[in-house]
Amino acid sequence: MRVVIAEDHALLRDGLIRLLEAHDFEVLEAVDNGPRLVPALVEHRPDVAVVDVRLPPTFTDEGLKAAIEARRKVPGLPVLVLSQYVEQLYARELLTGGGGAVGYLLKDRVSNVADFLDSVRRVAAGGTAMDPDVISQLLARNTRDEPIGRLTPRESEVLGLMAEGRSNAAIAGALFVTEKAVSKHTNNIFAKLDLPPSEDDNRRVMAVLSYLSSR
Amino acid sequence: MTITQQAPREPMAFPRAAQPFIALGLAVLAEVGIAFFVLNVVAVPLIAVWVGIPLLLVFVPCTRWFANCHRTLYAGITGTVIPRPYKKPPMPGLLMWLRTTLTDPATWRDIAWLLVNAVVGFVLNLLSAVLFLGSVFYLIYPFLVWVTPDGVFTQPLGGLFTVNVATSFVMIPVGLLVFLIWLGSGERLLKAAAYVGKSLLGPTENAQLAIRVRELSDSRAETVDTQAAELRRIERDLHDGAQARLAALSMSLGMAEEMVARDPAKAAALLTEARESAGTALSELRDLVRGIHPPVLADRGLDGAVRALALSLPFKVDVTIDLPGRPPAPVESAAYFAIAEALANALKHAAATTAWVQISHEQERLHLLVGDDGVGGATVRPGGGLYGIERRLAAFDGTLTVASPTGGPTTVIMELPCESSSLKITPSSGTA
């Protein structure tokens, strides 16, 4: 799988390259600033880009903006954004670009190698990988008068994992239940939230997230 | 929701009917002031023979009290506050007090005011009172002629002509005319007298600057204290949190390194522990950094940071922001933390279900309004959250006003001076 990396810290950049190359990824280019990122992405068209939010020259949200711009130039370009912080605002901006194939994770998640690689592969495959922190913030919002308040605790748990971008199989694995039970919960959730169910993993995440963030 | 701010007016705090009596009272006080003037004028030269010192110790506070009473009265009449311009002695002690007092221009301006007021103030106030009382007198003239024995009130206007009960009604138009004159000029005369007083009782430009310096050094001292406390907090958080965790992490790694050949399973467990420890350290550092300066504030300015804050709160927050650019970083940061604290209060204490934030820039000031539909009853208490915001804003000459009746809703109004010229035009928030 072909990857482009954008990370300004040399140590972290080398770490990411080593980690990805050790797991049979091909690192096409590793850039260390924002302006070089968009041309690199447009030129290489990688299977997935791993991008740090904060990049030179502004050291603000250069990486995020470059990712959004690259996705506008190459629709559906899979981008996994890594950040020292997760902000719902940024998650929402990435998702409103449309087309899925986005991820937004805390940098710490890289240390759990298996989970991280799973997220990279999911994004490369056109899926979604949202940080559990973003999801738990969304779910923690006051749900007094909202349909989401009618979910059982188990259904909320399933919704959380679903919103991170996991498949039914992965949710079943995480919660130690059968896949059948998960799909039953999923159907209940869709019924309660008034969302038409869909076979497409990514579209259902988009639906859930846009429902959650539209409030 | 829109809050329209009223333009400042200069109201007279007294009802119209009370004016003539206030004027009369002020006229009498103006002459009482002569006594204070004489006492002071006598006491000052007597300092040379020491007798003046105890006299001044009594007279000066009396004069100041008398002048302060007038400051309050004049403030009511002119509608603007007259600050007390007296210097504070830099050190305690009787002689120091005496020295400060005698070299304080405010002392001499008080004495000058006593004299000026006895002449100008007296005339203006008396005129205002006499116009009213005279008009009343002539309006009831026929009644006076009727109830008094013959000959007492038969010669109005200083004996120009003689009247009886029937003919005395000619005086009513005169009374009416005088009343109209009072209606038109009474308040102005009173205000004129008050302005004369204000010009002498108010602080001179120098005194104003001195007062300002005092305010600024107070707020600077507080700012420095707050900063130092904040640095101590950060130091403690780092020492007890991230530093300790990284030390433990380094120990776990060392042990794992030493164990990897002998007992790979145990080494792997230690490595897992180390990774978890690193994760916790990172999340602690993240919280700490957010408390110092939220990254999204650095990225997106007040606009984005407040919107991000609103998204992260567990209730609905309506955000309206109308800013032509980004305020200077310190102002931006103070404004952000003030809003965050006000919203945190709404969350913690008010049991609010919705809140709203409005940010605008008008007349060289940044206006921040935070409201919620909670239970209300919020007050500014020393040590409380709102007090903290007030101190934080005071460092920038900002103000905080809380309107929070019991039962709600609560509105926190904050203002920060922020010149238009210092607003940086936000770099395009688009993706270009």
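Computed from the coordinates by the stated procedures, all read-outs in this text should not be read as laboratory data. In this text, all values refer to a predicted model and were calculated from it rather than measured experimentally. With ideal geometry, Cβ positions are generated from the backbone for all residues, glycine too; neighbour counts draw on all protein chains shown.
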Please give the contour-minus-distance gain from A:Asp24 to A:Glu157: 0.36 nm per residue of separation, less the Cα-Cα distance, rounded to one decimal in nm. 44.6 nm
With each run of n ≥ 4 DSSP H residues scored as -39500 (n - 2.57), what mean residue ellipticity at 222 nm is computed for chain B after dividing by its residue count and rounding to the nearest 500 deg cm²/dmol? -20500 deg cm²/dmol
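Could you give the length gained by full extension between B:Thr80 and B:Trp146, i.e. 0.36 nm per residue of separation minus their alpha carbon distance, to one decimal place?
Numbers: separation 66, 0.36 × 66 = 23.76 nm, distance 4.66 nm.
Stretched out fully, the B:Thr80 to B:Trp146 stretch lengthens by 19.1 nm.
Quick one: work out Rg over Rh on the C-alpha atoms of chain A, Rh as Kirkwood radius. Please list the in-between numbers first.
Working: Rg = 17.3 Å, Rh = 17.6 Å.
A ratio of 0.98.
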Over 20 Å intervals from 0, what percent of Cα-Cα pairs in the protein assembly as shown sits in each interval? 14, 32, 24, 16, 11, 3, 0
Chain A - mean residue ellipticity at 222 nm from DSSP helices (-39,500 (n - 2.57) per run, n ≥ 4, rounded to 500): -16000 deg cm²/dmol
Could you work out the Rg to Rh ratio of segment B:185-275, with Rh taken as the Kirkwood radius (inverse of the mean 1/r over all Cα pairs)? 1.71
Sorted on mean Cβ neighbours within 10 Å (highest first), peptides A:125-134, B:80-89 come out as A:125-134, B:80-89
Candidate aspartates and glutamates for bridging to B:Lys198, where Cα separation is under 17 Å - those fewer than 8 sequence places away on the same chain excluded: B:Glu10, B:Asp110, B:Glu187
Full extension from B:Trp108 to B:Val120: what is 0.36 nm times the residue separation minus their Cα-Cα distance, to one decimal in nm? 2.5 nm
Which of the helices in chain B meet the span-like rule: DSSP H, Cα axial reach of 18 Å or more, Kyte-Doolittle mean at least -0.5? B:19-43, B:52-78, B:122-139, B:171-201, B:244-259, B:264-292, B:329-348
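Based on the Cβ-Cβ distance of B:Leu216 and B:Trp50, what FRET efficiency does E = 1/(1 + (r/R0)^6) give at R0 = 30 Å, to the nearest 0.05? Can you show the working numbers first?
Values: r = 39 Å, r/R0 = 1.31.
Calculated value: 0.15.
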Which three extents, in angstrom, do the Cα atoms of segment B:350-413 have along their principal axes, listed largest first? 33, 27, 15
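Two decimals is fine: what's Rg over Rh for segment B:143-202, C-alpha atoms, Kirkwood radius as Rh? Spell out each step's value before the answer.
On the way: Rg = 17.8 Å, Rh = 14.2 Å.
With Rh from the inverse mean 1/r over Cα pairs, Rg/Rh is 1.26.
For peptide A:82-91, what's the mean number of Cβ atoms from other chains within 10 Å of each residue's Cβ?
Numbers: counts 0, 1, 5, 8, 1, 12, 7, 11, 5, 1.
Per-residue shielding by partner chains comes out at 5.
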Quick check: pseudo-label points 7 Å beyond the Cα along Cα→Cβ at B:Cys62 and A:Asp32, how many nm apart are they? 8.3 nm
With R₀ set to 56 angstrom, the calculated FRET efficiency between the beta-carbons of B:Asn206 and A:Val113, to the nearest 0.05, is 0.20
How many nm is it between the label spots at A:Gln84 and A:Lys192, if each spot is 7 Å from the Cα in line with the beta carbon? 3.9 nm
Efficiency by 1/(1 + (r/R0)^6): what FRET value for A:Thr58 and B:Leu238, r their Cβ-Cβ distance, R0 = 22 Å, to the nearest 0.05? 0.25
Column: log10 I(q)/I(0), Debye, Cα scatterers of chain B, q = 0.09, 0.13 Å⁻¹: -0.87, -1.17
What average number of partner chain Cβ atoms lie no more than 10 Å from the Cβ of the residues making up A:108-116? 2
How many nm is it between the label spots at B:Val289 and B:Leu95, if each spot is 7 Å from the Cα in line with the beta carbon? 6.2 nm
